[in-house]
Structure formats: structure tokens, C-alpha cells
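Taken together, the values in this text are just the output of simple stated rules run on the coordinates, not laboratory data. Just so it is clear, the structure is predicted and the values come from calculations on it, not from any experiment. Please note: Cβ atoms are built from the backbone with ideal geometry, for glycine as well, and neighbour counts cover all protein chains shown.
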Amino acid sequence: MYRRPAFVDLPRPNGETLPLAWGLEKENVGMLAAISAEYAAQAASLVRNGERINLDLPLHLPLGAVPAHSHRIREAPIHELVTDTYEGLLIRDDCVTFHPQASSQWDSLAHVGDPVHGFYDGAQSKDIHLGDGSRNGVDRYADFGIFTRGIYIDLPEFYANNQRHWSALGSQICRADDLRLALEQSEVKPQLGDVLCVRTGWLEAFNKASPEGKKTIFQGRDYSGLAGDESMWQYLWDAGFAAVASDSVTVEAWPLEQGKPSLHLAIARLGLVLGEMFDLDALRAAVHKHKRNTFLFTSKPLNLRGAIGSPPNAMAIF
């Protein structure tokens with residue numbers, strides 16, 4: 001059975017400040033291991049009327065709405081239709097070439113490594129490949145299955161309700177104390193195995209912008225989001241979260257500062273599972289409609305051996 005020790009009790013090798021949460025689970029899924037079969041069964045009871053909310057963007061967004069090469073690696077998908085015939089039948093087929101992290105995505109635990117210790121659970125670059133036995137790939141998430149309670153938090157609403165400023169742009173930081181307060185005000189106590197869905201308003205700003213505005217919003221790289229400091233690491237860990245998904249490009253406030261903790265570094269050291277560019281706007285409407293911010297969260301990433309990321313294929317069910 002997975003047991004998560006307190007953050008303060010995690011080992012810190014060589015007198016380092018930041019912990020290494022390695023060797024705690026055998027599935028190679030990091031913090032997702034907190035989702036027990038028993039908790040998944042409890043989460044199913046959150047389905048009351050069966051309303052299903054898609055949490056994935058279309059694969060062509062956002063990169064299909066901004067100029068080519070707006071990202072230094074990723075591009076919009078190339079989707080080709082094929083026409084054929086077979087025994088008198090008219091056949092349509094298609095082929096898609098795409099970057100699995102160019103739209104709504106999970107980052108695998110092979111996405112970011114610690115510069116000293118390597119990737120999550122001690123994996124090294126040679127252990128991350130596309131063959132059998134590759135470690136930390138998103139196919140591990142697919143095997144494990146993501147089926148649990150989701151909790152929705154809306155940062156623009158939280159800050160407005162508390163008479164404080166928030167903007168999805170400008171690199172504004174939501175500190176751990178603010179995130180804790182937002183959850184307290186929603187009257188939901190996190191439990192071991194929850195997936196946290198944090199709406200920053202980035203996607204809404206992007207969708208409403210003109211074509212030139214979309215380019216500026218994406219390429220500006222001044223995304224607001226969660227703090228990446230050790231206090232946020234501790235809060236997410238001790239609160240019991242299995243993963244954090246956001247409607248922003250990076251989940252955390254961007255850009256990063258070299259040499260300082262970040263949620264992306266926590267991928268390697270904690271096994272933190274991050275979901276980026278989730279479509280949370282319809283979820284926001286459902287939360288207001290049902291007057292609750294908890295729901296059944298399901299996700300089945302691609303079972304693609306050794307993959308660094310995947311569309312989440314995620315739903316919220318009320």
C-alpha cells in the first residue's frame with residue numbers, strides 16, 4: 001500500500017534543502033500512486049446526474065492559432081485525410097503527425113530531470129528511450145489509470161472575492177497560503193489521491209484575443225500561475241494531491257528563475273504530475289450550475305511506450 005510520509009520527513013541527500021521523494025511506489029507514476037482503488041471507488045459516488053465535461057482542447061489549439069515556430073520545439077498537428085475504396089465501399093482514413101505536448105497534455109516523469117540526481121526515482125538519460133523497459137514514460141500513467149476525485153479552484157474568482165488583483169498574464173504568483181485559503185473558502189478539504197484543477201484564466205484570455213493578440217499572449221511567456229517554491233511543494237505534497245492540472249501553458253508562474261525551485265523541478269524530485277492547457281472553462285460553468293467544485297475526474301493518456309507527454313483524454317463527470 002502506498003504511504004506518503006510528511007514532507008519534512010522526506011530525505012534530503014547531501015544536506016540539500018529540497019527533498020527527493022523516491023522509492024515510495026513501484027508503479028513508476030510518482031504522486032499519482034496516491035490514488036488507491038478504494039479512493040477511486042469513493043470518487044465514483046460523485047456521479048449524480050451523469051453530466052460529462054470534456055477537459056481537452058482540440059489538438060490544433062493553441063499552436064494552430066499562432067504563427068509557425070511560436071514554440072521552439074512544438075508545432076501544430078499535421079492532419080491528412082485519405083480516400084480509398086474496398087469491395088465497393090467508400091473508405092475514409094486519416095493520418096495525424098503531432099507533438100503530444102502541443103495542446104492539452106500531461107507531462108510524464110521523463111519530461112524534466114534534476115541536474116544533479118537525474119530523473120524521477122533515479123532514472124538517467126539512458127533509461128529514457130522508446131523501447132521496452134523505458135522508465136518514467138506517460139505509458140505508465142496509462143497502465144495505472146487516472147480515476148479519482150477532482151477539485152476545481154478558480155483563481156480569478158478567488159482573488160476577486162477577496163478584493164485582490166489577479167491577471168492571467170504578467171507572471172503573477174499564487175502562493176501556497178493563497179491556494180490553501182482558496183480551498184478553505186470552497187469548503188473542500190483535500191484528501192490523499194485528489195487531482196487539483198486550477199483555472200488561471202489564461203485560456204479564456206487566449207480564446208478571446210484577436211489573431212495578433214493570440215500570438216502576443218502565447219509568445220509573451222509571462223504566464224501567471226502557482227508558485228514553484230518549496231512552500232508550494234510542501235502544500236501539494238502534504239495535502240495529498242495526486243496531480244495538478246491547469247488551463248495555463250505552464251501551471252506555475254512563468255518564466256522560471258534559474259537556480260530556484262520550480263514545479264517543473266518537482267517532477268523529478270517529488271514525482272509531481274503536471275497537466276497543462278486543460279480546457280477548464282466549461283468545467284467552471286458546471287461547477288456553478290451544480291454548486292459544488294468536486295467531481296469524478298477521469299483521464300486515459302496514450303499508451304505510447306516511452307512517451308514524454310500525452311493528451312489527457314480527460315473528463316469531469318457530475
Handout entry: Anisotropy class of the stretch 258-311 from Cα gyration tensor, a/c 1.5 cut
Key = oblate
Handout entry: Relative contact order of the chain, defined on C-alpha pairs under 8 angstrom at six or more residues apart (%)
Key = 30
Fill in the blank from the handout: The answer for the per residue Cα convex hull volume of the chain, in Å³, is 164
Completion exercise
Row for the stretch 192-318, column shape: gyration tensor on C-alpha, a ≥ b ≥ c, rounded if a/c < 1.5 i.e. under 1.5, prolate if a/b over b/c, else oblate; value rounded
Exercise for the section: List the longest stretch of the chain that has no exposed loop site; here a site is one of the trypsin sites (Lys or Arg not before Pro) assigned by DSSP to anything other than H, G, I, E or B, with at most 10 other Cβ within 10 Å. Expected result: 165-290
Fill in the blank from the handout: Exposure proxy check on Cys174, Cys197: fewest-to-most Cβ neighbours within 10 Å is Cys174, Cys197
Fill in the blank from the handout: In the stretch 19-317 the DSSP beta bridges are antiparallel at a rate, in percent to nearest 5, of 65
Practice task
Have a look at His290, Ser171, Ser231 and report the one farthest towards the positive end of the charge dipole of the chain, computed about the Cα centre with Cβ charges (Lys/Arg +1, Asp/Glu -1).
Solution key: His290
Problem - Theoretical ellipticity at 222 nm over the chain - DSSP helices of four or more residues, -39500 (n - 2.57) apiece, nearest 500 - result: -6500 deg cm²/dmol
Completion exercise
Of the candidates Gly240, Ala160, Met277, the farthest towards the positive dipole end of the chain (Lys/Arg Cβ +1, Asp/Glu Cβ -1, centred on the Cα centre) is Ala160
Fill in the blank from the handout: Everything considered on the Cα gyration tensor (a ≥ b ≥ c; rounded for a/c under 1.5, else prolate if a/b is larger than b/c, else oblate), the stretch 235-287 must be described as oblate
Completion exercise
Of the residues Gly113, Gln42, Gln124, the Cα lying farthest along the dipole of the chain towards its positive end, which is defined by charges on the beta carbon of Lys, Arg, Asp and Glu, belongs to Gln42
Practice task
Please report, in debye to the nearest 20, how large the charge dipole of the stretch 19-317 is about its Cα centre when each Lys and Arg carries +1 at its beta carbon and each Asp and Glu carries -1 there.
Solution key: 460
